[in-house]
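For reference, the structure discussed in these notes is given below.
The values are calculated or read from the model by the stated rules, or taken from the named source; none is laboratory data. Owing to the predicted nature of the structure, the values given are computational and were not obtained by experimental measurement. As a convention, Cβ positions derive from the backbone with ideal geometry for all residues, glycine included, and neighbour counts pool all protein chains shown.
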Amino acid sequence: MRKGEKWVLGLIGAVALVALAKGLWQSGMKKETDPGIPFYSTASPDLARAGWDLYRRLECKSCHTLWTVRNMFESVPAPALDGIGSLREEAWFYNYFSAPDPQAILPSRLKPQYRMPSYAHLSERERRTLAAYMASLKVQDWYLEQTRQAEYEKLTGKPYRQ
Ligand code: HEC
């Protein structure tokens, strides 16, 4: 290697080091200002387990997103369920899951095969568990408005106006 080449390599190395240090410094800074993930659940460990179990078993994720778990091939524009418990009451969820015709409670803009199915055939215990689990899915206040907006736009297909 010639002297000139070494010098160039050294320079490249120095530039890379400075970039790395800057990146590290910025990611450190970001931690202080990044408010983090706004979604959380108030469920007890038992409810969280039972609720998530039903959610998986009943294939809710074939249409919905929750905790970023979604169907890779998802094409259904169903609302995300993260934070939904800050928008609706537990009794509402229970009635919704128990309704033979959920669209009588929440109208749909979708083709029948994409609409929310009725879960009236589940046992009462299962419907109560699902409702309690949904009600436990909360969003921090600073992200409530964005959550409401996203839900509104999914449900209506229209832009949200405050
Ligand atoms: C076939 C797709 C599909 C499946 C499966 C499905 N949903 Fe839905 N769900 C929807 C759609 C679409 C909506 C919006 C209303 C509509 O268009 O019928 C909805 C609405 C909801 C809502 C009301 C959301 C809001 O914005 O208030 C809740 C809660 C919900 N679903 C929970 C569940 C749970 C829990 C399961 C599993 C037990 C489930 N869904 C399974 C498609 C689905």
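In this entry, residue 5 passes the filter for residues that are more than 16 Å from the ligand (Cβ to nearest atom), at pLDDT 65 or above and loosely packed, with under 10 Cβ neighbours inside 10 Å. The set of residues in region 99-135 that are outside any helix (DSSP H, G or I) and more than 12 Å from the ligand (Cβ to nearest atom) comprises 100, 123.
Residues in region 42-96 that are in contact with a Ser or Thr (Cβ under 8 Å, 6 or more places away or on another chain) and without any contact (Cβ under 8 Å) to a residue 40 or more places away in the chain: 71, 74, 76. Looking at region 94-104, which of its residues are surrounded by 13 or more Cβ atoms within 10 Å (Cβ to Cβ) and either under 23 Å from the mean Cα position of the chain (by Cα) or not hydrophobic (A, V, I, L, M, F, W, C) (or both)? Listed by number, the residues that qualify are 94, 95, 96, 97, 98, 102, 103. With respect to residue 74, determine if the residue is of a type outside the set (Phe, Trp, Tyr), within 14 Å of the ligand (Cβ to nearest atom) and at pLDDT below 95. So residue 74 passes the test. Beta carbons closer than 6 Å, at least 6 apart along the sequence or on distinct chains, pair a first residue in region 129-145 that is under 16 Å from residue 66 (Cα atoms) and among the charged types (D, E, K, R) with a second that is part of a helix (DSSP H, G or I) and near the ligand (Cβ under 10 Å from one of its atoms) for 138/85.
Looking at 159, 79, just one residue is surrounded by 13 or more Cβ atoms within 10 Å (Cβ to Cβ), part of a loop (DSSP other than H, G, I, E, B) and not acidic (Asp, Glu), and that residue is 79.
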